[in-house]
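Enquirer: The structure under discussion is supplied below as structure tokens; questions concerning it will follow.
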Amino acid sequence: MKTRKSPIKLFALIALFASSVVSAQGVNKNWQESYAQEASGNYAKAAAAIDLVLQASPSNEFAYLRRGWLNYMQARYNDALRDYDQALRLNPKSQEAQLGRTLPLMGQQRWREAAVEANKVIASSRWDYTAHLRLMVCEEAEKKWEELARHATELSVRYPSDATVLVYLARAEAWQGRIDQAKEAYAKVLERMPSHIEALAYLNRNP
Amino acid sequence: MGQSRMKILGRSTRLMVALLSVISFQLAYAEEGGDLPEISAWKITTSPQVLYSSFSGATTRESLLGAGVSLDAQHLERWGLSLGVAGSQLSYKAASNKLNQTEGNLSGRVHLTPDFLSGQLTLRTDILRADNNDSTNETNNVNVIAPQISYLNYGNTFYVDLGYARSRYGDSNAGNGSLTVAQWTPTIGFGFNEGGDWLQLRAYNISPSNPVRAQSQSRTNAGELKWTHYFYADGLTPEQVQVGALFGKRIYAVEGTNIYNLTDIQQGGTSLGAQWPIAQDSHLFIQAGQNRYDAGAGASYSGNYAYFSLINQW
């Protein structure tokens, strides 16, 4: 005997499928809206679009990472920290969230705390460029010139074509009164970026 | 217009900081050599210090010699504690007795960073104590509590604080009664020249409760101006130079962790200081200056001083 499929069940399945498609489209629209608003510099609206994503999906790690970044760009540093912390709770191994924390911490001039965060990344990724760069920003802010000079020297060996690292080295040498070493570093900066304003200014002041 | 331009500049700065870090070369391999130092959550600062002052034109006072040390512990950029002890000896002309004084201070502070302020708010309280062998007890047994709230913007270009100090002096053995002193200290500061200079103005409004013990003063007002210039340290060139001037008059002032518990009115002063780096985390600060005093009954004199402090950080 043939069993006849219930039309109600079929209709329910179709409705469920349709609603999930509409829901996915809605969520996708929120992501699109967020990126579009960010491109226009409207960080508050970009973050508001992510709020809608998180309402639908409260455990979306990437959404917290994104909103953390958008909050940082609005100088909403405490909100940014909360979002990065939530991302870390969802994924304790996320180096992006750890690096993300350094940005609002530096924004609040909590240099030592930011340095501790950067060091956590370095502990697991020995020569992570982003982590080292942020650590150097903190060393400069705390005026740890000897440490910054050593750090920049080590990093420039690993990234010999990078001008930014050489700028930090030059600054550290300059602040220690080591003019010849500072000039040498700034000259190397100009090899990589011939119109670097800071390097040109220092070498003009110290011919 | 100016405000929206500031917002744009702020955003650009934040974007630049992040863009510097966008290119991330994830070279997650272990490589020997070049270990980076561990970063402690604590920053410890010790400062031994010495002060010598000689008095010119004074009828009784000859010189003052003092020494002390302070220990400061800062946890990340969130809170800190400070402890200091000092001793001093005031010598008199034509007298063998000396005024020996010991001082202590304990200070606690908390730093807050609410987003609506775009800067750091600090709440701080100092507790100070001074004991000496003054036979009249009028400059002895001094207890001070001094809370303060301050704000420094993230750009380090604007600072403001309001301090209050309440001092309780020992009851007089000479029949002059008790004394408490209330002091309000508002301060404003500005950074300019891309962080190369700092200008600070502080007012002292001091109200002794007992004019008999304050040279008939029920209120004194003074102002202090300090200018600090920062240099690239090079050989003998200091890393900072500071010029200060005090104008107006003040009595029984509390200045930081210093208690001015002598009974003379301070009528102004000037100072010049400089700081040199000794090593990465060690600095030598030297200051010289002159303060002018009114001892009452038309007797005025000056005190020339030299102050040395060695600041060490870990």
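Enquirer: Within the range A:196-205, identify whether any single residue is of a type outside the set (Val, Ile, Thr), farther than 30 Å from B:HIS111 by Cβ, buried (at least 24 other Cβ atoms within 10 Å of the Cβ) and not assigned by TED's automatic domain parsing to the domain that holds A:LEU88, and answer yes or no.
Expert: Within the range A:196-205 (the criterion being of a type outside the set (Val, Ile, Thr), farther than 30 Å from B:HIS111 by Cβ, buried (at least 24 other Cβ atoms within 10 Å of the Cβ) and not assigned by TED's automatic domain parsing to the domain that holds A:LEU88), the answer is yes, since at least one residue qualifies.
Enquirer: With respect to B:TYR164, is the statement that it is hydroxyl-bearing (Ser, Thr, Tyr), more than 19 Å from B:ILE206 (Cα to Cα), at pLDDT 95 or above and surrounded by fewer than 20 Cβ atoms within 10 Å (Cβ to Cβ) true? Lay out the reasoning, then the answer.
Expert: Working: hydroxyl-bearing (Ser, Thr, Tyr): yes; more than 19 Å from B:ILE206 (Cα to Cα): no; at pLDDT 95 or above: yes; surrounded by fewer than 20 Cβ atoms within 10 Å (Cβ to Cβ): yes.
No: the conditions fail for B:TYR164.
Enquirer: Please state which one of B:ALA306, B:ALA299, B:ALA279 is surrounded by fewer than 15 Cβ atoms within 10 Å (Cβ to Cβ) and within 14 Å of chain A (Cβ to nearest Cβ).
Expert: Being surrounded by fewer than 15 Cβ atoms within 10 Å (Cβ to Cβ) and within 14 Å of chain A (Cβ to nearest Cβ) holds for just one of B:ALA306, B:ALA299, B:ALA279, which is B:ALA279.
Enquirer: Across the range A:82-120, what is the number of residues that are closer than 20 Å to A:GLU147 by Cβ and out of contact with any Leu (no Cβ under 6 Å at 6 or more places or on another chain)?
Expert: Residues of the range A:82-120 that are closer than 20 Å to A:GLU147 by Cβ, as a first pass: A:102, A:105-106, A:109-120.
Still in the running and out of contact with any Leu (no Cβ under 6 Å at 6 or more places or on another chain): A:102, A:105-106, A:109-111, A:116-117, A:119-120.
Residues meeting the conditions: 10.
Enquirer: Please specify each residue of the range A:155-177 satisfying the condition of being among the basic types (Lys, Arg) and more than 9 Å from chain B (Cβ to nearest Cβ). Working first, answer last.
Expert: First, pick out the residues of the range A:155-177 that are among the basic types (Lys, Arg): A:158, A:171.
Passing the criteria: only A:ARG171.
Enquirer: While we're on this one: Let me confirm something: among B:SER12, B:SER40, B:SER24, B:SER4, which residue is in contact with a helix residue (DSSP H, G or I) (Cβ under 9 Å, 6 or more places away or on another chain), closer than 25 Å to A:LEU70 by Cα and modelled with pLDDT under 95?
Expert: Numbers: B:SER12 fails: in contact with a helix residue (DSSP H, G or I) (Cβ under 9 Å, 6 or more places away or on another chain); B:SER40 fails: closer than 25 Å to A:LEU70 by Cα; B:SER4 fails: in contact with a helix residue (DSSP H, G or I) (Cβ under 9 Å, 6 or more places away or on another chain).
Only one candidate passes the filter, namely B:SER24.
Enquirer: Turning to a different aspect of this structure: I want to confirm something. Restricting to the range A:98-113 and keeping residues that are of a type outside the set (S, T, N, Q) and under 13 Å from A:LEU88 (Cα atoms), which single residue is nearest to the other protein chains (Cβ to nearest Cβ)?
Expert: A:LEU99
Enquirer: Continuing with the same structure: Please go through the range B:39-71 and give me each residue that is without any contact (Cβ under 8 Å) to a residue 40 or more places away in the chain, within 14 Å of another protein chain (Cβ to nearest Cβ) and surrounded by 14 or more Cβ atoms within 10 Å (Cβ to Cβ), ordered by number.
Expert: Residue satisfying the conditions is B:ILE39 alone.
Enquirer: Can you spot a residue in the range A:122-142 that is of a type in the set (Val, Ile, Thr) and more than 8 Å from chain B (Cβ to nearest Cβ)?
Expert: Checked the range A:122-142: no residue is of a type in the set (Val, Ile, Thr) and more than 8 Å from chain B (Cβ to nearest Cβ).
Residue by residue, here is whether (1) among the acidic types (Asp, Glu); (2) over 26 Å from B:PHE55 (Cα atoms) holds:
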site	(1), (2)
B:ARG219	no, no
B:HIS229	no, yes
B:LEU236	no, yes
B:GLU239	yes, yes
B:PHE247	no, no
B:TYR252	no, no
B:ASN258	no, no
B:LEU262	no, no
B:GLY268	no, no
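Enquirer: If you go through the range A:99-122 one residue at a time, do you hit one that is of a type outside the set (Val, Ile, Thr), closer than 27 Å to B:ASN312 by Cβ, crowded, with 24+ Cβ neighbours inside 10 Å and not assigned by TED's automatic domain parsing to the domain that holds A:ASP83?
Expert: no
Enquirer: If the Cβ limit is 8 Å and pairs must be 6+ apart or interchain, which residue in the range A:39-50 that is within 13 Å of chain B (Cβ to nearest Cβ) pairs with which residue that is hydroxyl-bearing (Ser, Thr, Tyr) and buried (at least 16 other Cβ atoms within 10 Å of the Cβ)?
Expert: A:ALA46/A:SER34
The values are calculated or read from the model by the stated rules, or taken from the named source; none is laboratory data. Note that the structure is a prediction, hence the values are computed from the model and not measured. Neighbour counts run over all protein chains shown; Cβ positions are idealised from the backbone, glycine included.
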